[in-house]
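**Q** Below is the structure I would like to discuss, written out as structure tokens.
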Amino acid sequence: MAVHNPLAGLSLKAARWSATHPWRAILAWVGFVAVSVGLAMAVPTVNADGEDYYMGEWGRATQMIEDAGLDNPDSEVVLITADGDLDQAKAEAAAAELTERMRATDGVDAVAEPQWSQDRSALLVSVQLARDQEDVTDLQAVTEDVAADHTDLQIGQAGDNSVDDAINDQVADDLSSAEATSVPITLILMLIAFGALIAAGIPVLLAVTSVAATMGLTAPLSHLIHAEDTVSSMIVLIGMAVGVDYSLFYLKREREERAKGRTTLDAVEIAAETSGHSILVSGFAVIASMSGLFVVGGATFNSLAAGSILVVAIAVLGSITVLPALLVKLGRWVDRPRVPLLWRMNRRIGAGGISSRVLAPVVRRPAAALVVSVLAVGALAVPALGMKLHSGSLETLPTKIEEVQTLRAVADKFPSEGPAAEVVVRGGGDDARAALDQVQEAALETGRFVSAGADPIRTSKDGETSVLTLAMPYDEADDRVDRALETLRDDVLPPALDDTGATYAVGGGAASSYDMVDHLNSYLPLVIGFILLLTMVMMGFAFRSVPIALVSTGLNLLSVGVAFGLITLVFQHGWGADLLDFSSPGFVIDWIPMFVLVVLVGLSMDYHVFVLGRVREYVEAGMPTRLAVRKGVADTAGVVTSAAAVMVSVFAIFATLSMMEMKMMGVGLSAAILIDATVIRLVMLPAILVLLGDRAWPGQPKDARGEQVAENDPGYALV
């Protein structure tokens, strides 16, 4: 076969080597995976922490606090309440016991006197840990013992460390559940797609080994790009989807060529030049999309980008090396043992029986199909215009975590324990420190802040840096928190501090969320433009067609709009909240849209490239464009259906997990890919290609008459 593209040549060369040296290729892959997994055991993972997350004014404020040694050690709180009226004497007795025992616990620096809530319905014991103390197991044991001694009271502990530990345990449980569920579901879908056990197992095997190898390699990689907690979930999410899809494309084409009477070796070579080329283009498109996260920067996005790029690259490598080797060694045994009912179902789907009913009216009336589909997709995308971003908060944490319930109750009963702003002032001498009193007075007068306690100002030992803490009487996700920060930064601080010569900044947890959202809002248009431009260039290069590149970019933009719109409807407005078992926080977690954007653009290119590649094959063979579109889409419909089913099912599993971030990713990606693979790629794409006609494929040969074949032409019998 003639090689028309460098990428096709690369996949063909790799396949030929693997096909002629199958055992070397197979053993090399097994060795690669084993060494990668071994690295995870031998090399410790470096997790992102501290200054890896610093950003904007909050980052500057936090750095100033750390440099001055004013960063507070971690702390824990114990809340004492009751189902009905709280017996104050019993509550104080329990608090006294807690205070005494915790002061005697290793790793505790100080225990504050118990504090009553304003309505005296709750009693709070605050515990300050020793610096660098992170283990709170002993403290939790004390809390549990005291709670057991006072069964008529509700006693719960919470804090940064205990909540983090509980969340990590929950994420680990969720991830384990997703892995245990996704593999059998994917295997069932592959059985439906192939109708044979061995063929069904190969894509799952490649996906699982790709994920395992990536997990292992992230350990040494974390020494260059520190790993974020969510990267493991993302690797499973992406790895299972692309690993299965790439094998699916390759296997389907190889089986198709064998069914035409070609030898296994010839079938593998044809699959390498066609599907292998599509895999490489798609893989590069995913990698290009994921690289957009590096533009945003920060620990979360750098880690997610590195992990996703690595798992996609490994999946592509396996698809063009070990997969051809396995197919050559197995030969026709790849279709054994057959599952009779599924085998017959597979043959029908593979023949495009279902898609033909959809394609016929689309090809017949492309303009009407395009208008209707654009209106439908546009309606789903419109809610994205009102999308509100906010950092994850107490509202987004699973309520089944006891520590989260305690922390919510603390924020409700003790507003000073809720969101707070920290005004950091460095330099300026006595004038700057005196000005902080004016700042506090002016901030309280706005009505947006409340006193943070009897001693809200702390000063470094050298007297150069001071920090004023101001509490806000709102929930973390309340819009008034952002307005309070804007008032503090724009209206309160400049009049009081500009003339002192001091350097100042506003930090604290509320400022962290505000600055992150502001950063993402600034970079989201840039990243969208970067990804769309890069994928447009890649599609133009791969298909040698400017119209195809522009169409691909436009369809990707529509897919992103649908994803954003659906996430907004479900999580910001609460559509289907009961079905998915969550309470709407009234916003979308800030980093989710950016992540969904790059994943969706990358993964939707899988079957987009596969379909376009088949259409181009027919166009290059001289088939009229209208017929090439109908036949190309029909021939690939079974593969696209199977590929989309795998992605949707894997992502839908994440929508059932307890962590809100996982739900948002799962809902956004599964729903958007379902619509993308049906309405956008099965209706809009064929309609546009038919309307463009030969203009979509400049320089390609036409039929002998140079015209489209009419619908009643005998040529349509080929479909």
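The values are calculated or read from the model by the stated rules, or taken from the named source; none is laboratory data. Keep in mind the model is a prediction, meaning the values are calculated, not measured. We place every Cβ from the backbone using ideal geometry, glycine too, and count neighbours over all the protein chains shown. SASA here: full protein model, heavy atoms, side chains in, ligands and nucleic acids out. Shrake-Rupley method; radii C 1.70, N 1.55, O 1.52, S 1.80 Å.
**Q** Where in the stretch 75-116 does the label zone of residue 164 land, with the point 7 angstrom along Cα→C-beta and an amide N cut-off under 11 Å?
**A** Label zone hits: 75.
**Q** While we're here: Could you work out the relative contact order of the stretch 246-314? I mean the mean sequence separation of Cα pairs under 8 Å and 6+ apart, divided by the number of residues, in percent.
**A** Result for the stretch 246-314 is 25 percent.
**Q** Also, I was wondering about something else. If you average the C-alpha positions of the stretch 285-314 and of the stretch 119-183 separately, how far apart do those two centres end up, in angstrom?
**A** 33 Å
**Q** Let a ≥ b ≥ c be the square roots of the eigenvalues of the Cα gyration tensor of the stretch 394-542; is it rounded (a/c under 1.5), or, if not, prolate (a/b larger than b/c) or oblate?
**A** Judged from the Cα gyration tensor, the stretch 394-542 comes out oblate (a/c at least 1.5, b/c at or above a/b).
**Q** With angles folded into 0 to 90 degrees, how steeply does helix 429-445 sit against the dominant principal axis of the chain? Use alpha carbons for both and round to 10.
**A** With rounding to tens, the tilt is 80 degrees.
**Q** Using only the Cα atoms of the stretch 223-270, what semi-axes does the equivalent ellipsoid have when each is the square root of 5 times a gyration tensor eigenvalue? Give whole Å, largest first.
**A** Equivalent ellipsoid of the stretch 223-270: 37, 11, 4 Å, largest first.
**Q** Once the Cα atoms of helix 340-350 and of the chain are each reduced to a long axis, what angle between those two axes, in degrees from 0 to 90 to the nearest 10, is obtained?
**A** 80 degrees
**Q** Could you compute how much accessible surface residue 616 exposes when probed at 1.4 Å, giving the result in Å² to the nearest 10?
**A** Accessible area, nearest 10 Å²: 40 Å².
**Q** Tell me, in nm to one decimal, what length is gained between residue 368 and residue 444 on full extension, where the rule is 0.36 nm per residue of separation less the Cα-Cα distance?
**A** 21.2 nm
**Q** What is the calculated FRET efficiency for residue 499 to residue 132, with r their C-beta to C-beta distance and R₀ = 56 Å, to the nearest 0.05?
**A** With a Förster radius of 56 Å, E is 0.90.
**Q** Using the Cα centre of the stretch 604-679 as the reference point, and only Cβ charges (+1 on K/R, -1 on D/E), how large is the resulting charge dipole? Debye, rounded to the nearest 20.
**A** 220 debye
**Q** Along each of its three principal axes, how wide is the spread of alpha-carbon positions in the stretch 482-563, in whole angstrom units, largest first?
**A** So the extents along the principal axes, rounded to whole Å, are 63, 27, 18.
**Q** Got a sec? Charge dipole of the chain, +1 on Cβ for Lys and Arg, -1 for Asp and Glu; which of 553, 327, 240 is way out at the positive end?
**A** Ranked along the dipole, the leading option is 327.
**Q** Additional query: Fully extended, how many nm does the chain gain between residue 451 and residue 13 (0.36 nm per residue separation, minus their Cα-Cα distance)?
**A** Answer, rounded to one decimal: 150.6 nm.
**Q** For a paramagnetic label modelled at 7 Å from the Cα of residue 20 toward its Cβ, which residues of the stretch 289-331 fall within the zone defined by backbone nitrogen distances under 15 Å?
**A** 325
**Q** Still on this structure, I have one more. What is the stretch 457-603 by shape, rounded, prolate or oblate, if you read a ≥ b ≥ c off the alpha carbon gyration tensor as root eigenvalues and call it rounded for a/c under 1.5, prolate for a/b larger than b/c, and oblate otherwise?
**A** Note, shape of the stretch 457-603 comes out oblate.
**Q** Please name which of 627, 251, 311 has its Cα lying farthest along the dipole of the chain towards the positive end, using unit charges on Cβ (Lys, Arg +1; Asp, Glu -1) and the Cα centre as origin.
**A** Value: 627.
**Q** Hey, if you put +1 on the Cβ of every Lys and Arg and -1 on every Asp and Glu Cβ in the chain, which of 271, 574, 291 ends up farthest toward the positive end of that dipole?
**A** Of 271, 574, 291, it is 271.
**Q** Calculate I(q)/I(0) for the stretch 58-130 by the Debye formula, one identical point scatterer on each C-alpha and no solvent, and give its log10 at q = 0.24 Å⁻¹ to two decimals.
**A** -0.99
**Q** Estimate the FRET efficiency between residue 188 and residue 30 by the formula 1/(1 + (r/R0)^6), using the beta-carbon distance for r and 22 Å for R0, to the nearest 0.05.
**A** Computed FRET efficiency for residue 188 and residue 30 comes out at 0.30.
**Q** Before rounding to the nearest 500, sum -39500 (n - 2.57) across all DSSP H runs of length at least 4 in the chain and divide by the residue total; then give [θ] at 222 nm in deg cm²/dmol.
**A** One gets -21500 deg cm²/dmol as the mean residue ellipticity at 222 nm.
**Q** Residues with beta-carbon under 15 Å from that of residue 666, excluding residue 666: net charge, scoring Lys, Arg +1 and Asp, Glu -1?
**A** In short, -3.
**Q** To the nearest Å, what is the center-to-center distance of the stretch 194-242 and the stretch 431-472, using C-alpha atoms only?
**A** Comparing the Cα centres of the stretch 194-242 and the stretch 431-472, I get a distance of 50 Å.
**Q** Follow-up question, since we're still on this one. How much length is gained if the chain between residue 82 and residue 333 is pulled fully straight, taking 0.36 nm per residue apart and subtracting their Cα-Cα distance, in nm to one decimal?
**A** 83.6 nm
**Q** Here is a follow-up. So, counting K/R as plus one and D/E as minus one, what does the shell of residues with Cβ under 12 Å around residue 613 add up to?
**A** Neighbour charge sum, excluding residue 613 itself: -2.
**Q** Size of the stretch 80-196 along its principal axes in angstrom, Cα-based, largest extent first?
**A** 71, 38, 25
**Q** Once you have all Cα-Cα distances for the chain, histogram them in 10 Å bins from zero and send the whole-percent values.
**A** With a bin width of 10 Å, the distribution comes to 3, 13, 21, 22, 16, 11, 8, 5, 1, 0.
**Q** Here's something else I'd like to know. Based only on Cα atoms, what mean projected area does the convex hull of the stretch 133-267 have, in nm²?
**A** Here the figure is 13.0 nm², rounded to one decimal.
**Q** What is the percent carbon and sulfur in the accessible area of the chain, measuring with a 1.4 Å probe over the protein chains and ignoring ligands?
**A** That fraction is 56 percent.
**Q** Separate question: For the chain, what does the accessible surface come to per residue with a 1.4 Å probe? Please give it in Å².
**A** Normalised by residue count, the accessible surface of the chain is 41 Å².
**Q** About its Cα centre, what dipole magnitude does the stretch 61-156 give when the only charges are +1 on Lys and Arg Cβ and -1 on Asp and Glu Cβ, stated in debye to the nearest 20?
**A** So the dipole magnitude of the stretch 61-156 works out to roughly 280 debye.
**Q** First check a/c for the stretch 275-317, with a ≥ b ≥ c the square roots of the eigenvalues of its C-alpha gyration tensor; if it is under 1.5, answer rounded, and if not, answer prolate when a/b is larger than b/c or oblate otherwise.
**A** Here the stretch 275-317 falls in the oblate category.
**Q** Against the longest alpha carbon principal axis of the chain, how many degrees, from 0 to 90 and to the nearest 10, is the axis of helix 366-381 turned?
**A** The angle comes out near 10 degrees.
**Q** Let me ask something additional. Hey, if we sort 608, 573 by accessible area with the 1.4 Å probe, largest down, what's the order?
**A** So, going from the largest accessible area down, we get 573, 608.
**Q** In debye, nearest 20: dipole of the chain around its Cα centre with unit charges on the Cβ of K, R (+) and D, E (-)?
**A** Once rounded to the nearest 20, the dipole reads 7040 debye.
**Q** For 53, 250, give the ranking by accessible area with the largest first, probe 1.4 Å.
**A** Solvent-accessible surface, decreasing: 53, 250.
**Q** Using 7 Å Cα-to-Cβ label points, what is the residue 460/residue 399 separation (nm, one decimal)?
**A** The answer from the label model is 4.5 nm.
**Q** On to the next question. In whole percent, what relative contact order does the chain give with Cα contacts below 8 Å and a gap of six or more residues?
**A** For the chain, the relative contact order is 19 percent.
**Q** Over the stretch 1-144, consider all pairs of different Cα atoms and compute the Kirkwood hydrodynamic radius from their mean reciprocal separation; express it in Å, one decimal.
**A** 21.5 Å
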